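The values are calculated or read from the model by the stated rules, or taken from the named source; none is laboratory data. Predicted, not measured: the structure shown is a model, and the values here were computed from it. Quick reminder, even Gly has a Cβ in these numbers, built from the backbone with ideal geometry, and neighbours come from all protein chains shown.
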Amino acid sequence: MARIGIPSALLYYIYYPFWLTFFNEIGVQVVTSGRTTKNILDKGVREALADACVPIKLFFGHVMDLKDKADYLFIPRVVCLNGKTIYCPKFLGLPDMIRHSLDDIPPIIDVRIDTRQGRLSLIKAYLEIGSYFGASRNTVLRAYCLARAALRRYNLLLMKGFSPIEAMELIKNPDNKKLVLPPKANLRFAVLGYPYAIYDSFISVNILDKLKKMGVNVLTAENINPLLLSLQKNCGLPKRLFWTFSDKALKAAHYLFRHDRVDAVLHLTAFGCGPDSLLNKFIELEAKQHRDIPFMTLMIDEHTGEAGMATRLEAFVDMVRRRKEAFACQN
Ligand code: SF4
């Protein structure tokens, strides 16, 4: 059975359940690089371009980890999946960056996926992927439908409040009774940013777990119903942001500040990210219009230390908790 390697980075946190189902249904074994470790990050930093953002460096590290474990690497050129916004240019050039930077890697499956090219473009892309493994048209179409169903189940779990890692585990093992949502806490924070930064516990220095341990319920853009986000339109701008994840993060900020009473908003931004230089400013401007909701930006890079992040988070949570208690006493 052929083995396809899927790096556990970037779009992994959004589409892995789809890809896993699709490849398994066409008779291909999926191998992933697993959780990020210091070793993976170090390999990525060594191999990637020096001025790349940290999520891209991490992707390089995950590819290095997979290169001897798989017959093919799955690095599609994902341009657009909603017919409206496109992914950051680094996503578009990802297969080329990997191919021209790393030696001795398995063949890359880099099918272009762009739903602006017609309603059937997604199915066509998966038919092309299936052709690498000799899968028949009917097998691919069946696998595609089952993969869509798996992705729907995954997104419903995210909307209930589970993190991607928990939701993937629940899809694999629906009877896992250990995975339950945390009880309602006194504080509820929104954490905004790109899913591949927030949910990678190594590079985000475990921000979500740290907040949970401090007694804070956490909400991310993935936990919000996409319909509510789409209602935010262009967030008061003349036109929407071009990049898919930036557009989603801004819509989430707009929705959370205006319609969902969270106690604070944190924006996790990645060092070296071009779109973030714009996005962070827009979120800051939105925060300034809602001074009753504390806001903080945290920047991560390959040198972010556990202790420094913990200290900043503790101080912020403490400040928000005292402020809330003071307001409760006044009223
Ligand atoms: S959006 Fe920013 S962090 Fe994400 S890949 Fe592009 S440059 Fe890197």
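Some notes on this structure:
- Tallying residues that are among the charged types (D, E, K, R) and surrounded by fewer than 18 Cβ atoms within 10 Å (Cβ to Cβ) within segment 7-35 yields 1.
- Here L268 clears all of (1) more than 18 Å from Y87 (Cα to Cα); (2) within 16 Å of the ligand (Cβ to nearest atom); (3) surrounded by fewer than 19 Cβ atoms within 10 Å (Cβ to Cβ) except the condition numbered (3).
- Filter result for the condition that a residue is surrounded by 22 or more Cβ atoms within 10 Å (Cβ to Cβ) and more than 20 Å from the chain's Cα centre (by Cα), over I109, I40, I4: I4
- Top-ranked residue in segment 153-178 [being charged (D, E, K, R) and within 14 Å of L20 (Cβ to Cβ); ranked as farthest from the chain's Cα centre (by Cα)]: K172
- Residue under evaluation R240, criteria (1) more than 15 Å from the ligand (Cβ to nearest atom); (2) under 21 Å from the mean Cα position of the chain (by Cα); (3) more than 30 Å from T37 (Cβ to Cβ); (4) not in a loop (DSSP other than H, G, I, E, B), criterion not met: (4)
- Single unsatisfied condition, P7 versus (1) touching a Pro at 6+ places or on another chain (Cβ under 9 Å); (2) within 25 Å of G130 (Cα to Cα): (1)
- From the options F133, F60, residue that is at pLDDT 95 or above and assigned to a helix (DSSP H, G or I): F60
- Subset of segment 49-58 that is among the aliphatic types (A, V, I, L, M) and buried (at least 23 other Cβ atoms within 10 Å of the Cβ) - its residue that is nearest to the ligand (Cβ to nearest atom): I56
- Listed by first and then second residue, the pairs linking a residue in segment 73-85 that is assigned to a loop (DSSP other than H, G, I, E, B) to a residue that is acidic (D, E), with Cβ atoms under 7 Å apart and 6 or more places separating them unless they lie on different chains, are I75/D110; P76/D110; T85/D247.
- Qualifying residue in segment 300-307 (condition: within 28 Å of F202 (Cα to Cα), in a strand (DSSP E or B) and either at pLDDT below 95 or touching a Pro at 6+ places or on another chain (Cβ under 7 Å) (or both)): yes
- Number of residues in segment 227-258 that are touching a residue at least 40 places away in the same chain (Cβ under 8 Å), over 18 Å from I198 (Cα atoms) and out of contact with any helix residue (DSSP H, G or I) (no Cβ under 6 Å at 6 or more places or on another chain): the value is 2.
- The residues on offer are V191, V180, and the sole one that is of a type in the set (A, V, I, L, M) and within 16 Å of the ligand (Cβ to nearest atom) is V191.
The rows are residues; the columns are (1) closer than 20 Å to F316 by Cα; (2) among the small types (G, A, S).
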residue	(1), (2)
G134	no, yes
N138	no, no
L151	no, no
S204	yes, yes
L228	no, no
L241	no, no
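- Test: R46 is under 17 Å from the mean Cα position of the chain (by Cα) and either without any contact (Cβ under 8 Å) to a residue 24 or more places away in the chain or surrounded by fewer than 24 Cβ atoms within 10 Å (Cβ to Cβ) (or both): no
- L211 buried (at least 18 other Cβ atoms within 10 Å of the Cβ) and within 24 Å of K90 (Cβ to Cβ): no
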